[in-house]
Amino acid sequence: MTDHEIIDLINLTLSEEFELDMEDMKPEALIFDDLDLDSLDIVDMVVVLENAFHFKIREEESIRKIRSLGDIHEFVINKKNQSAIS
Amino acid sequence: MKRVVITGMGAVSPYGRGVAPLLGSLIEGKSGIARADELAEIQGLRPRVAGLVPGIDPREIPRKYRRSMSNMSIFAVLACSEALHQADLGTEECAGGQMGIAIGSTTGSIQATQEFFENFLSTGGLEQMKSTVFFKIMNHSCAANISKFLGISGRILSPSAACSTSCQALGYGYEMIAFGRQQYMLCGGADEFHALTPGAFDVLNAASFKFNEQPQRTPRPFDRDRDGVVCSEGSGIILLESLDSARKRGVPILGEIIGFSTVSDPKSIANPDADFIELCMREALNDAGLEPQQIDYINAHATGTVQGDLAESAAIFKLFGNNTPVSSFKGHLGHTLAASGALELCAVVGMLERQCLIPTLNLDNVDVSCNHIQHVQLLRTKKLQTAIKNNFALGGVNSSLVIRSYQND
């Protein structure tokens, strides 16, 4: 997958799961403040991203640093790249 | 002790959303039962009929509230909203600590439980589990979701006694207000349809299946051709309030709860016993301070099972003789289970207001074993001031409420 395809799939997956408007899926959007997600949603976000990308991320330390949608894009792209290398 | 009155009602039923369509359909003699072909997917399940709620769009509830709701909670919050609107109560009263909740269901969501175990058994673990599944499965799901959606901060109770659930909820709410512990109580119940619900009755040979090709002819309470329960879904909610509060607010008073009883029938886990049904009704009358001859109408539980209808009619005859009109709304609605007590009480309140008797639908030929009481078989007018409402549950949980028209005395 290209980075662009990864970003599109993340945006589509999260907008469907959390009923978000695709127009709001901007990299700078803050997950809690702008997208109005909360701690329960984060649990579900991990599940839907794991299903969409066929990886395990629940125990990843770096996931705790995510603040914005752009952070999610970066996190998933890095994870996919690591998988491709290994 | 404070007097307790009804100032709001809400319904989601096989007739759709609202108390008005519920009462209108009952008066018109419309059946809420339809063919449910999807039941054929369950091996060994014989019924193909159900009373399902039409026309609800869950998306009117914001996602953050809806994510922890199964259908039963969605039905319940919609019915609660209707009751609060009628009672002219809003966010301020909900949040003030003087409003409580007594709302239950037979179980948590069976659909959510099924999805949990499908996932758990197929993956062998919990990694795919969504965060909100448990909140749909827990038995107090309706009460908890209502509390969050409406911002209610008073007492919260979730009785669970199958078909007696909402009758008990109303009774406990009535007692809380009578004791002065709460000013308002949202009371009632909700259940959502799942194939395993008629399945539970079918295993006991207590589910109707002989009218699968004529859904509107079943169930048939007290009728000689009755062959069991038809399972339905919905929510019935009644807003109880202290009389002092209702008078002070100047809102219309729809009726007054004057008696309640709930008793355990220790004889059988499955078969109702006439003596304990009679005991329950007698104690409710005692609580109301009324003699049997002072009751103008009996709203029977009468689900259309051979044994249940027989026991209830015998108990009614023993206490009331054949002088008091009796009908059941299960012939119209089917059995809405945990919702049935409150949904049916909404209609009884409507009967008191309109001064009419709604007959038992599908009661074409009264069974000889049930014919010693005064069945209502035609819609007619009658001077009505007092009524008793029965509900009896598998497990031996009996409950009765006594209600009367509000008298400014």
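Residue by residue through the range B:62-81, note down the ones that are within 14 Å of another protein chain (Cβ to nearest Cβ), surrounded by fewer than 21 Cβ atoms within 10 Å (Cβ to Cβ) and either acidic (Asp, Glu) or closer than 18 Å to B:Gly236 by Cα (or both).
none
Considering only residues of the range A:3-21 that are in contact with a Leu (Cβ under 8 Å, 6 or more places away or on another chain) and of a type in the set (A, V, I, L, M), which is farthest from the other protein chains (Cβ to nearest Cβ)?
If we filter the range A:3-21 for residues that are in contact with a Leu (Cβ under 8 Å, 6 or more places away or on another chain), which is where we start, we get A:10-11, A:13-14, A:18, A:20.
Then keep just the ones that are of a type in the set (A, V, I, L, M); that gives A:10, A:14, A:20.
Working: A:Ile10: 18, A:Leu14: 13, A:Leu20: 9 Å.
Restricting to residues being in contact with a Leu (Cβ under 8 Å, 6 or more places away or on another chain) and of a type in the set (A, V, I, L, M), the top hit is A:Ile10.
Take the conditions buried (at least 19 other Cβ atoms within 10 Å of the Cβ), part of a helix (DSSP H, G or I), touching a residue at least 12 places away in the same chain (Cβ under 8 Å) and within 14 Å of chain A (Cβ to nearest Cβ) and apply them to B:Lys136. Does it pass? Talk me through it step by step, then tell me what you get.
Working: buried (at least 19 other Cβ atoms within 10 Å of the Cβ): yes; part of a helix (DSSP H, G or I): yes; touching a residue at least 12 places away in the same chain (Cβ under 8 Å): yes; within 14 Å of chain A (Cβ to nearest Cβ): yes.
Taking the combined requirement at face value, the residue satisfies it.
For the range B:42-51, give me each residue that is within 14 Å of B:Leu196 (Cβ to Cβ) and either loosely packed, with under 14 Cβ neighbours inside 10 Å or of a type outside the set (A, V, I, L, M) (or both). Break it down into steps so the answer makes sense when it comes.
Going through the range B:42-51, the residues within 14 Å of B:Leu196 (Cβ to Cβ) turn out to be B:42-47, B:50.
Matches in the range B:42-51: B:Gln43, B:Gly44, B:Arg46, B:Pro47.
Right, B:Ala200: among the small types (Gly, Ala, Ser), over 25 Å from B:Gln377 (Cα atoms), part of a strand (DSSP E or B) and under 21 Å from the mean Cα position of the chain (by Cα) or not?
On the way: among the small types (Gly, Ala, Ser): yes; over 25 Å from B:Gln377 (Cα atoms): yes; part of a strand (DSSP E or B): no; under 21 Å from the mean Cα position of the chain (by Cα): yes.
The answer is no for B:Ala200.
Looking at the range B:109-119, is at least one residue buried (at least 19 other Cβ atoms within 10 Å of the Cβ), polar (S, T, N, Q) and within 28 Å of B:Cys346 (Cα to Cα)?
Checked the range B:109-119: at least one residue is buried (at least 19 other Cβ atoms within 10 Å of the Cβ), polar (S, T, N, Q) and within 28 Å of B:Cys346 (Cα to Cα).
Could you tell me which residue of the range B:85-133 is nearest to the other protein chains (Cβ to nearest Cβ), considering only residues that are touching a helix residue (DSSP H, G or I) at 6+ places or on another chain (Cβ under 9 Å) and of a type in the set (Asp, Glu)?
The qualifying residue nearest to the other protein chains (Cβ to nearest Cβ) is B:Glu127.
Look through B:Ile152, B:Ile177 and report the one residue that is crowded, with 24+ Cβ neighbours inside 10 Å, over 16 Å from the mean Cα position of the chain (by Cα) and in a loop (DSSP other than H, G, I, E, B). Outline the logic, then answer.
Values: B:Ile177 fails: in a loop (DSSP other than H, G, I, E, B).
Answer to the selection: B:Ile152.
Go over the candidates B:Leu39, B:Leu84 one by one and state the one that is more than 28 Å from B:Val230 (Cβ to Cβ), touching a residue at least 60 places away in the same chain (Cβ under 8 Å) and either buried (at least 24 other Cβ atoms within 10 Å of the Cβ) or not charged (D, E, K, R) (or both).
B:Leu84
Please work out which one of (1) in contact (Cβ under 8 Å) with a residue 60 or more places away in the chain; (2) more than 25 Å from B:Ile101 (Cα to Cα) is the condition B:Lys210 fails and give its number.
(1)
Could you please find all residues in the range B:156-174 being surrounded by fewer than 24 Cβ atoms within 10 Å (Cβ to Cβ) and not in a helix (DSSP H, G or I)?
B:Ile156, B:Leu157, B:Ser158, B:Ser160
Output the residue which, of all residues in the range B:214-254 that are among the charged types (D, E, K, R) and free of Cβ contacts under 8 Å to residues at least 24 places away in the same chain, is nearest to B:Val348 (Cα to Cα). Quick ask: steps written out before the conclusion?
Of all residues in the range B:214-254, those among the charged types (D, E, K, R) come to B:217, B:220, B:223-227, B:233, B:241, B:244, B:247-249.
Subset that is free of Cβ contacts under 8 Å to residues at least 24 places away in the same chain: B:247-248.
Working: B:Arg247: 22, B:Lys248: 26 Å.
The qualifying residue nearest to B:Val348 (Cα to Cα) is B:Arg247.
Mind counting the residues in the range A:38-84 that are of a type in the set (A, V, I, L, M), within 14 Å of chain B (Cβ to nearest Cβ) and either more than 18 Å from B:Lys130 (Cβ to Cβ) or in contact (Cβ under 8 Å) with a residue 24 or more places away in the chain (or both)?
Summing the residues that are of a type in the set (A, V, I, L, M), within 14 Å of chain B (Cβ to nearest Cβ) and either more than 18 Å from B:Lys130 (Cβ to Cβ) or in contact (Cβ under 8 Å) with a residue 24 or more places away in the chain (or both) in the range A:38-84 gives 4.
If B:Ala284 meets every condition in (1) part of a loop (DSSP other than H, G, I, E, B); (2) surrounded by 18 or more Cβ atoms within 10 Å (Cβ to Cβ); (3) small (Gly, Ala, Ser) apart from one, which number is that one?
(1)
Are any residues in the range B:350-375 surrounded by 20 or more Cβ atoms within 10 Å (Cβ to Cβ) and not in a strand (DSSP E or B), and if so, which ones?
B:Gly350, B:Met351, B:Leu352, B:Ile358, B:Pro359, B:Thr360, B:Leu361, B:Asn362, B:Leu363, B:Cys370, B:Ile373 - these are the residues of the range B:350-375 that are surrounded by 20 or more Cβ atoms within 10 Å (Cβ to Cβ) and not in a strand (DSSP E or B).
Which condition from (1) buried (at least 17 other Cβ atoms within 10 Å of the Cβ); (2) in a loop (DSSP other than H, G, I, E, B); (3) more than 14 Å from every other protein chain (Cβ to nearest Cβ) is the one that B:Pro54 breaks?
(1)
Got a sec? Which of B:Ala314, B:Ala302 is in contact (Cβ under 8 Å) with a residue 24 or more places away in the chain, within 28 Å of B:Phe201 (Cα to Cα), part of a helix (DSSP H, G or I) and touching a helix residue (DSSP H, G or I) at 6+ places or on another chain (Cβ under 6 Å)?
Values: B:Ala302 fails: part of a helix (DSSP H, G or I).
Only one candidate qualifies: B:Ala314.
Just to verify a result, which residue in the range B:382-396, among those that are part of a loop (DSSP other than H, G, I, E, B) and in contact with a helix residue (DSSP H, G or I) (Cβ under 7 Å, 6 or more places away or on another chain), is surrounded by the fewest Cβ atoms within 10 Å (Cβ to Cβ)? Spell out the reasoning first.
So the first thing to find is which residues in the range B:382-396 are part of a loop (DSSP other than H, G, I, E, B), and the list is B:382-385, B:394-396.
Narrowing further to those that are in contact with a helix residue (DSSP H, G or I) (Cβ under 7 Å, 6 or more places away or on another chain): B:384, B:394-395.
On the way: B:Leu384: 20, B:Leu394: 20, B:Gly395: 14.
Once the filter is applied, the top-ranked residue is B:Gly395.
Out of all the residues in the range B:229-252, which are assigned to a loop (DSSP other than H, G, I, E, B) and surrounded by fewer than 17 Cβ atoms within 10 Å (Cβ to Cβ)?
Filtering the range B:229-252 down to residues assigned to a loop (DSSP other than H, G, I, E, B) leaves B:230, B:233, B:250-252.
The answer is B:Gly250, B:Pro252.
Go through the range B:10-26 and give me each residue that's of a type outside the set (Phe, Trp, Tyr), within 15 Å of B:Leu333 (Cβ to Cβ) and in contact with a helix residue (DSSP H, G or I) (Cβ under 8 Å, 6 or more places away or on another chain).
B:Ala11, B:Val12, B:Ser13, B:Pro14, B:Arg17, B:Gly18, B:Val19, B:Leu22, B:Leu23, B:Ser25, B:Leu26
Would the range B:180-190 turn up any residue that is over 19 Å from B:Gly10 (Cβ atoms), of a type in the set (Lys, Arg), crowded, with 21+ Cβ neighbours inside 10 Å and modelled with pLDDT of 95 or more?
Taking the range B:180-190 first, the residues over 19 Å from B:Gly10 (Cβ atoms) are B:180-181.
With the extra rule that they be of a type in the set (Lys, Arg), the set shrinks to B:181.
Add one more test, that the residue is crowded, with 21+ Cβ neighbours inside 10 Å, and what stays is none.
Scanning the range B:180-190, I find no residue that is over 19 Å from B:Gly10 (Cβ atoms), of a type in the set (Lys, Arg), crowded, with 21+ Cβ neighbours inside 10 Å and modelled with pLDDT of 95 or more, so the answer is no.
The values are calculated or read from the model by the stated rules, or taken from the named source; none is laboratory data. Being a predicted model, the structure only gives us computed values, none of them experimental. Note that each Cβ is placed from the backbone with ideal geometry, even for glycine, and that neighbours are counted across all protein chains shown.
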